[in-house]
Amino acid sequence: MTSMIGPFIQGFAHTLRHMFKTPNTVKYPDQKVPVFPRYRGKQVLMRDEDGLEKCVACGLCAVACPADAIYLEPAENDGTVQAGPRYADIYQIHKTRCIFCGYCEEACPVSAIFMGKDYELAVYSNKDFIWDKQELLVAPPAPQAR
């Protein structure tokens with residue numbers, strides 16, 4: 001019986017020490033939690049200075065992905081797409097498979113894919129678990145007034 005009283009008193013003392021401290025609460029929708037500098041969030045497909053897609057559809061990101069979460073189909077540009085001579089016609093990342101390891105970012109020879117800082121990745125439908133190229137691609141820069 002005496003062997004149980006010691007841990008009980010220690011636990012109660014621990015509770016009392018923390019009971020009167022101010023809580024460390026973040027009011028989430030209004031305040032955002034700061035992320036660490038090396039945090040890897042949702043992937044982003046980058047554009048170059050001219051606003052063209054950087055991805056040349058080499059497929060190295062899909063090969064480097066250990067979870068087989070990236071699918072892409074290359075295509076030759078006939079001038080209808082704002083990209084280089086070769087681009088990814090279909091670029092998809094399966095959100096449920098991605099483990100956010102960053103291997104795709106490291107494997108890309110043209111730095112087209114970048115691990116962003118977005119951590120709000122909840123969706124309401126199972127159809128939204130696949131990120132398409134339109135969702136991943138950064139918006140083109142606004143035209144400059146002359």
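Number of Lys-Lys pairs in the stretch 31-136 with C-alpha atoms under 15 Å apart and a separation of 8 or more places or on different chains: 7. With K and R counted +1 and D and E -1, the other residues having a Cβ less than 14 Å from that of GLY84 yield a net charge of -4. In a simple Cβ point-charge model (Lys, Arg +1; Asp, Glu -1; nothing else charged), the chain has a dipole of about 980 debye relative to its Cα centre. The Cβ shell under 13 Å around GLY41 holds other residues with a net charge of +3, Lys and Arg each +1, Asp and Glu each -1. Under 8 Å for C-alpha pairs, at least 6 residues apart: give me the relative contact order for the chain, rounded to a whole percent. This gives 27 percent for the chain.
Extending 7 Å from Cα along the Cβ direction at ASP89 and again at ASN24 yields two label points whose distance is 5.2 nm. Going 7 Å from the Cα of PHE36 along its beta-carbon direction, which residues of the stretch 106-144 have the amide nitrogen within less than 18 Å of the resulting point? Label zone hits: 115-120. Convex hull volume of the Cα atoms of the chain, normalised per residue: 226 Å³. Say the dipole of the stretch 1-111 comes from +1 at the beta carbon of Lys and Arg and -1 at that of Asp and Glu; which of THR22, SER3, GLY84 then lies farthest toward its positive end? About the Cα centre, the residue reaching furthest to the positive side is SER3.
Every number here is computed from the coordinates shown, using simple stated rules; none is lab data. Just so it is clear, the model here is predicted, and its values are computed rather than measured. Every residue, glycine as well, gets a Cβ built from its backbone with ideal geometry; the counts of neighbours run over all protein chains shown.
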